[in-house]
Each structure stands twice: as structure tokens, then as C-alpha cells.
Amino acid sequence: MNTKLKLLGLGALVCASGSAYAQVVTDVLNETFDNSDNFTTSAGFFNDGGTDYFQIGSGTEKNYTGFSGGYLEGQDLDGEGADIPITVTWSGLSITGLSDLKFSGDFAEYFDSPGDIDDAGDFMLLEYQIDGGGFVSFLAFENDGTQYNTFFYEDTDFDGTGDGAALGNASSTFLKSLAGTGDTLDIRFSVSVDSGDEDFGVDNFIVTGVTAVPEPEFFGALAGVLVLGLAVVRRRRA
């Protein structure tokens, strides 16, 4: 076989190695709710000094535990005339070249005896869309179907009834995968709590994606092949 063809064949063998690429995790969204710079809301922040508010919280309203710094909180969201549900949206997040998208977020609902969350009117919902293809639900919280005064539970099958883990005063982290690839990602959080003592707190909305990057060992192996091939060529010419 021609020496140059041998050299090309060795290089192709190295390039074909599946172990030549490292999986690098990239942040798509890292929302800590210390301010409102990175999202839009369907209603402005408010606080009537009593039990009606929607704001960046710092522990002055409900004594949630597990949050750090600021967080998004609300209670009796229509008490001051806001239309519910209130939506919070992150638009145009770049996911070009990324795969294996994952979401994590922290959620809480403060318990006031005998319970707060009603079957009608109270929910939290997270959705995403890629390249404007239409929003898809990926995480929801509802009560358990009791008419009044229960808890937020994860609605694992999105049928309007909570059937999973319950929320409480201490924040709980939920992890979800977001199927699909593309160029831009939108995330939408919708929330409705419409009476006193019906509240929510959320923090640390994080979306990550993965990209494949050649490992340094790959370049070393390829360089070794090329050097060896050149040495063989020179020896034959000599």
C-alpha cells in the first residue's frame, strides 16, 4: 500500500475512536432570582404590606428554609388585581450545539394549618419550547384533588391532580430532562395561588446542556501517528 495511504488510514483510525471526545456541561440558564434582569413577567411585582405579594423575596414574608440569597415568591396573586396565572418567561436561550438538556429547580410552599392549597385555582407549571415549536409541560404541582386546604404535590402525569412528592417549608429540588435539540430555548413558569396563606417560593432554576469536545489525548495520539508516518516516508526516501 502507498505510504501516504497508510498514513491517512492511521489518522482516520484515531479520528474514529469514540473515546476521543469529552462531555462538557454548559450552563444555558442559571437563575438565582437575586434580581429580575433575565426574565419577563406578565404582572409587575407588588406587595400590599399584608398577605398579597409577588416579588423577589429575602425571608421577610414566609420562613422558607433551603433558599440562599433572593428567591421568587408570591401569595394571593390576584388580591391586588393581577390576572392569574402569572407567567415568568426566559426567552431566546442559546442551545446551539448542545444536547442532553436538563433542568433543576428548588420549590417550597409554606404550611399553614390545616393546609393551604385548593383543588381549583392553585397550581405551578413549567414548560419549555425549542425554536418556537410550541410549549411542552415538564414539571407541574397541584393539590391532591381535595376541594380545600391541602398541599402542593408534583403532578407526575399532568392530569391536574397531584400524585407525587409534596412541597413544604423546606425547599425541595426537582430534576427533569428536556427532550430535543435546536438553537433557542424558551422556559415558561406559570403560577396561580388566589387566597391568603396560599403561597409559593422558587429558586435556582438551572438548565444545562452537553457538548462533545476532543480530549487532549486525542490530539496527542493523532500527532504521534503523523510523526511516525513522516518518519517512515523520510526513511524510504533516504
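The values are calculated or read from the model by the stated rules, or taken from the named source; none is laboratory data. Predicted, not measured: the structure shown is a model, and the values here were computed from it. Counting neighbours? That spans all protein chains shown, and the Cβs are built from the backbone with ideal geometry, glycine included.
Side notes on the structure shown:
- Set L72, L77: member being of a type in the set (A, V, I, L, M, F, W, C), under 15 Å from F39 (Cβ atoms) and buried (at least 21 other Cβ atoms within 10 Å of the Cβ): L72
- Subset of the range 109-133 that is among the charged types (D, E, K, R) and part of a loop (DSSP other than H, G, I, E, B) - its residue that is surrounded by the most Cβ atoms within 10 Å (Cβ to Cβ): E109
- Scanning the range 72-98 for residues that are under 24 Å from F123 (Cα atoms) and part of a strand (DSSP E or B) yields L72, E73, G74, Q75, I86, T87, V88, T89, W90, S91.
- Sub-6 Å Cβ pairs linking a first residue in the range 31-53 that is in contact (Cβ under 8 Å) with a residue 24 or more places away in the chain to a second residue that is charged (D, E, K, R) and in a loop (DSSP other than H, G, I, E, B), at least 6 apart or interchain, are F46/E80; D48/E80; T51/D76; D52/D76; D52/E80, ordered by first then second residue.
- Summed over the range 29-71, residues that are outside any loop (DSSP other than H, G, I, E, B) and closer than 20 Å to F107 by Cα total 12.
- Residue within the range 24-46 that is more than 23 Å from the chain's Cα centre (by Cα) and modelled with pLDDT under 95 present: no
- Filter pass, D106 being of a type outside the set (A, V, I, L, M), part of a strand (DSSP E or B) and either on the phi > 0 side of the Ramachandran plot or at pLDDT below 95 (or both): no
- For T211, the conditions (1) more than 14 Å from the chain's Cα centre (by Cα); (2) surrounded by 19 or more Cβ atoms within 10 Å (Cβ to Cβ) are fulfilled apart from (2).
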